[in-house]
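The structure under discussion appears below in the form of structure tokens.
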Amino acid sequence: MFGEVEGTGFEVIDPRFAGCFAGHARVERLWTGARWLEGPTWFGPGRYLVVSDIPNNRMLRWDETNGVVSEFRKPSNNSNGNTVDGQGRLLTCEHLTRRVTRTEFGGSVTVIADQFDGKRFNSPNDLVVKSDGSIWFTDPTYGIMSDYEGERQDEEIGGCHVYRVDAGTGSVTKVADDFVKPNGIAFSPDESLLYIADTGASHMPGGPRHIRRFAVSDQGGLSGGEVFAECSNGLFDGFRVDRDGRLWTSAGDGVHCFEPDGTLIGKIRIPESVANVTFGGPRRNRLFICGTTSLYSAYLTING
């Protein structure tokens, strides 16, 4: 059940990808038993990974020290994307409650954002924290379209947008409003660029299935927004960027790796659709991969 499984492996498309992993490297399946895994987040001091199992309304904890998976939180308000802020606190996008929250060190939950201009968000999906403490998140409608990943509810806000929460004031600003279904989000290593996925093709025939790239101003504004990469299999969902600026993104056939210039250089094959990834381990050289039902990992020769 666990360990190396059929259908996994590394596919080199460009020679540059061969330098990202050791020749004997393998993909491991660490656990299986989910309905739709998402939001992997690494907690270094505790050596554990937190992931969301959205339809099962729970968050799980995988322990690196013994490989045990346990319930981290249930119910989880159909949590989706997670990340860690600069102080090591868990930030979470919740579909059911249509909000972004922070889990304090003592376990209490603080609401970071749940509305804009007096209207509730759709269902916050994924988020990232900038070094200035600001929180950036996407807000498609996946959690209110049915009772599978949340609860069928009416849309109030009039579109699927991207938002920024100011670290000092807590004020919420809309930073992008030309997406069909904004999804995964991540900064470049120097934070001068912001990458955002659009998975509009999930519910719109011929809709977008790409990642866009924006320039980030010192004041927190965005400009540009050109298409960085088109997905050749399934949809790009969640992704992360390594220290050298390569983008590692989920796709229908596994993980696709892109150079900063947008060149697809390789894939990590997974035998089910992938929703999200994150770097972890003591040296951030282990890529954790959320397949539909299972958690996978692969050691790399680069660092997240």
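The values are calculated or read from the model by the stated rules, or taken from the named source; none is laboratory data. For clarity, every value in this text was computed on a predicted model and none was experimentally measured. Heads up, the Cβs are rebuilt from the backbone with ideal geometry, glycines too, and the neighbour counts pull from every protein chain shown. Side chains are part of the model used for accessible areas, which takes the heavy atoms of the whole protein and leaves out ligands, DNA and RNA. Shrake-Rupley method; radii C 1.70, N 1.55, O 1.52, S 1.80 Å.
One table, with the values for the structure above:
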{"quantity": "Separation of alpha-carbon centers, region 73-108 and region 149-207, rounded to whole Å", "calculated": "17 Å"}
{"quantity": "About the Cα centre, charge dipole magnitude for region 153-282 (Lys/Arg +1, Asp/Glu -1 at Cβ), debye", "calculated": "300 debye"}
{"quantity": "Hz values of 3J(HN,Hα) by residue in region 102-107 - Karplus curve (6.51, -1.76, 1.60), Gly and Pro given as x", "calculated": "10, 8, 6, 4, x, x"}
{"quantity": "Placed amide H near Ile13: partners under 5 Å, 5+ positions off or other chain", "calculated": "Gly266, Lys267"}
{"quantity": "Of the trypsin sites (Lys or Arg not before Pro) in region 119-172, those whose Cβ has at most 12 other Cβ within 10 Å and which sit in DSSP loop", "calculated": "Arg152"}
{"quantity": "At q = 0.21, 0.22, 0.23, 0.25 Å⁻¹, base-10 log of I(q)/I(0) for region 61-142 (Debye sum, equal scatterers on each alpha carbon)", "calculated": "-1.01, -1.08, -1.15, -1.27"}
{"quantity": "Accessible surface ranking that places the most exposed of His203, His24, His256, His210 first, with a 1.4 angstrom probe", "calculated": "His24, His203, His210, His256"}
{"quantity": "Whole-angstrom gap from region 3-64 to region 120-146, using each part's C-alpha centre", "calculated": "22 Å"}
{"quantity": "GluC sites (Glu not before Pro), loop per DSSP, at most 12 other Cβ atoms within 10 Å - longest free stretch of the chain", "calculated": "192-304"}
{"quantity": "Translational diffusion coefficient (Stokes-Einstein; Kirkwood radius from C-alpha pairs) of the chain at 10 °C, 1.306 mPa s, in µm²/s", "calculated": "83 µm²/s"}
{"quantity": "Per residue solvent-accessible surface (Å²) - the chain, probe of 1.4 Å", "calculated": "40 Å²"}
{"quantity": "Relative contact order %, the chain, counting alpha carbon pairs below 8 Å whose residues are six or more apart", "calculated": "17 percent"}
{"quantity": "Under the Karplus curve 6.51 cos²θ - 1.76 cosθ + 1.60, θ = phi - 60°, whole-Hz ³J(HN,Hα) for region 234-244, x wherever Gly or Pro sits", "calculated": "x, 9, 6, 10, x, 7, 9, 10, 8, 5, 9"}
{"quantity": "Cut-off under 5 Å, modelled amide H: who pairs with Gly46 long-range", "calculated": "none"}
{"quantity": "For region 112-199, convex hull volume per residue from C-alpha positions, Å³", "calculated": "93 Å³"}
{"quantity": "Probe 1.4 Å - accessible area at Ser131, Å² to nearest ten", "calculated": "100 Å²"}
{"quantity": "Residue among Ser202, Ala251, Val162 farthest towards the positive dipole end of the chain, charges placed on Cβ", "calculated": "Ala251"}
{"quantity": "Amide H contacts under 5 Å for Arg99, placed H, 5+ residues apart", "calculated": "Glu94"}
{"quantity": "Per-residue HN-Hα couplings for region 140-154 [Karplus 6.51, -1.76, 1.60; θ = phi - 60°; Hz; x = Gly/Pro]", "calculated": "x, 10, 4, x, 10, 7, 7, 9, 7, 10, x, 9, 4, 9, 7"}
{"quantity": "Spherically averaged projected area in nm², based on the convex hull that wraps the Cα atoms of region 204-304", "calculated": "7.7 nm²"}
